[in-house]
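In what follows, a single structure is set out as structure tokens and then discussed.
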Amino acid sequence: MEVLELSPEELKDVISLGKVIGEGFFGTVFTYRDRLIKLDSNLYFQLRANAKKFSNHVVREIHPDFSNPSQIEELVRRQPNITLTKLPLGIVTIKDTNISPGIIIPYHRDHDKLETLARDDYKKVLIILRKLLDAVKELADNQISQEDLIQYGDRFHPKKRSYNVLYQGDTPQIIDLSGRYIKAGKEFQDALAMYNGLGNIILDYFTFNGIETEHKRNDISSFEEAEEMIDELDVKVKRR
């Protein structure tokens, strides 16, 4: 497992040199050399906003408990058996403390978010969904479950949704593989929630294109059921 040990001032410099490429409620993702760092969002913005001389105070005041080193270490150990998904690489730590505010993750250059794919590009959609199913199965076979594959909007944006899936060409890449929605090793019980999320993504493509199905949200719980659903979409698309 990679460990990037930095002083608060060095972390401030790394943030200043990096470019933000993603923001969530808890974490901010920015570039670091040929990697990305996912850092506690509150710490990121406080370090960025304050002068360098206050960096030590900011880190100790916020004292973020963001990364789970044992989880990242577990994922790193499992990476050699996983070929379809890139798992986290390591952690960021603060020198002379027990603070680990960030995670080192792969940089998926020239990838797009799955929700930006043209919904009527049926050929590519079906290829990506089948490859995504294989990637989910490989994670499950290696006792890893990504239980946050799809996020829905809120009461202000009820139709908004996003996927923790990128794609390049016709190849998908599952992302956001750390944190409380990731179950690995001893924490892994089953892959039901991950297949459930995948089923909801597949169902979206029925809905987007006005194709009827008897499947409902949250009713897919296995590889076989998800595969059957993709096959159904394939057949019904060809009939259009």
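Laboratory data are not the source of any read-out in this text; all were calculated from the coordinates shown. Everything numeric in this text was worked out from a predicted model, so none of it was measured. With ideal geometry, Cβ positions are generated from the backbone for all residues, glycine too; neighbour counts draw on all protein chains shown.
Kirkwood-type hydrodynamic radius, segment 131-209: 13.3 Å, calculated from all non-identical alpha-carbon pairs. From the convex hull of the Cα coordinates of segment 190-240, what is the mean projected area in square nanometres? Reported value for the Cα convex hull: 3.1 nm². Could you tell me how many degrees, from 0 to 90 and to the nearest 10, lie between the Cα long axis of helix 69-78 and the main elongation axis, the longest principal axis, of the Cα atoms of the chain? The answer is roughly 50 degrees. Quick one, which of (1) 54, 48, 30; (2) 65, 37, 32; (3) 57, 36, 33 is the actual Cα extents along the principal axes in Å calculated for this model? It is the value labelled (2). Compute the long axis of helix 122-141 from its Cα atoms, compare it with the longest principal axis of the Cα atoms of the chain, and write down the angle in degrees, 0 to 90, nearest 10. Tilt relative to the chain: about 60 degrees.
Straight Cα distances below 17 angstrom link Lys236 to the lysines Lys123, Lys124, Lys216, with same-chain residues fewer than 8 positions distant left out.
Assign unit charges at the C-beta atoms only (+1 for Lys and Arg, -1 for Asp and Glu), then state the dipole size of segment 99-227 relative to its Cα centre in Debye, rounded to the nearest 20.
In total the dipole reaches around 440 debye.
Tell me the trypsin sites (Lys or Arg not before Pro) within segment 1-84 that lie in a loop according to DSSP and have at most 15 other beta-carbon atoms within 10 Å.
Lys19, Arg33
Along segment 82-94 the Karplus relation, 6.51 cos²θ - 1.76 cosθ + 1.60 evaluated at θ = phi - 60°, assigns HN-Hα couplings of 10, 10, 9, 9, 9, 8, x, 9, x, 10, 9, 10, 9 Hz to successive residues, with x for each Gly and Pro.
Let me know the charge dipole size of the chain about its Cα centre in debye, to the nearest 20, where only the beta-carbon of Lys, Arg (+1) and Asp, Glu (-1) is charged.
760
Centre-to-centre separation between the Cα atoms of segment 100-148 and those of segment 1-59: 26 Å. Using Cβ point charges alone (K and R +1, D and E -1), the dipole size of segment 53-147 about the Cα centre works out to roughly 240 debye.
Projected onto its three principal axes, the C-alpha set of segment 77-135 covers 54, 26, 15 Å, listed from the longest axis down. By the rule of a C-alpha distance below 28 Å, with chain neighbours fewer than 8 residues away ignored, the lysines paired with Lys53 are Lys12, Lys19, Lys38, Lys95. Could you work out the local net charge near Ala193, counting Lys and Arg as +1, Asp and Glu as -1, over the other residues with Cβ closer than 9 Å to its Cβ? For residues surrounding Ala193, the net value is -2.
In the chain the longest region clear of GluC sites (Glu not before Pro) that are loop-assigned by DSSP and have at most 10 other C-beta atoms within 10 Å covers 1-211.
Relative to the longest principal axis of the Cα atoms of the chain, the long axis of helix 8-17 makes an angle of roughly 50 degrees.
Taking max minus min of the alpha-carbon positions on each principal axis, segment 166-213 gives extents of 41, 27, 14 Å, largest first.
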